[in-house]
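> My questions will all concern the structure given below.
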Amino acid sequence: MENKLFRKKEIALLLIISALMLALMLLPSLKESGKGVRAIVTCNGEVVAEIDLGKDADYTIEGALTATLEVRNGKIRFVHSLCPDKICEAFGWIGEPGETAICAPARIAVQIV
């Protein structure tokens, strides 16, 4: 009888344990992708809209000033605002959880969750 470093049963057990560990590591990201990414829009600190970033559309938000949000390809941005400096429009696209875009003069904030 040969004394091998790993026998077939031990190798199979290691592969099963490795696969389970990988599945447990990926489980949280799989749950998140099932829910879909959303944007929470607040005006003066109050939630005024919850937007599914999986659906391309434009949204007009009435804050202290009117602003238009554009959703495309799972991301959102300020596309037009009546604010004087247009910094919010220049900020560009956001789409990762935790990212935020703000139009301070309009008092509108968009946060990705």
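Rule-based calculations on the coordinates, nothing more; no lab input. Bear in mind that the values here come from a model prediction, so they are computed numbers and not experimental data. Virtual Cβ from ideal backbone geometry, glycine too; neighbours counted across all protein chains shown.
> Would you calculate the separation in nanometres between label points at Thr66 and Ile102, each defined as 7 Å from the Cα along the Cα-to-beta-carbon direction?
2.5
> Follow-up. Measure off 7 Å from each Cα along the Cα-to-Cβ vector at Ile17 and Leu82, then give the distance between these two points in nanometres to one decimal.
Going by the 7 Å Cα→Cβ label model, 6.5 nm.
> Let me ask something else. Local charge sum around Glu89 (other residues, Cβ-Cβ under 14 Å, Lys/Arg +1, Asp/Glu -1)?
Neighbour charge sum, excluding Glu89 itself: -1.
> Next up: In µm²/s, what is D for the stretch 53-113 at 4 °C and 1.567 mPa s, where D = kT/(6 pi eta Rh) by Stokes-Einstein and Rh is the Kirkwood radius from Cα pairs?
114
> Pop the C-beta distance of Asp52 and Met25 into the FRET formula with R0 = 22 Å and round what comes out to the nearest 0.05.
0.25
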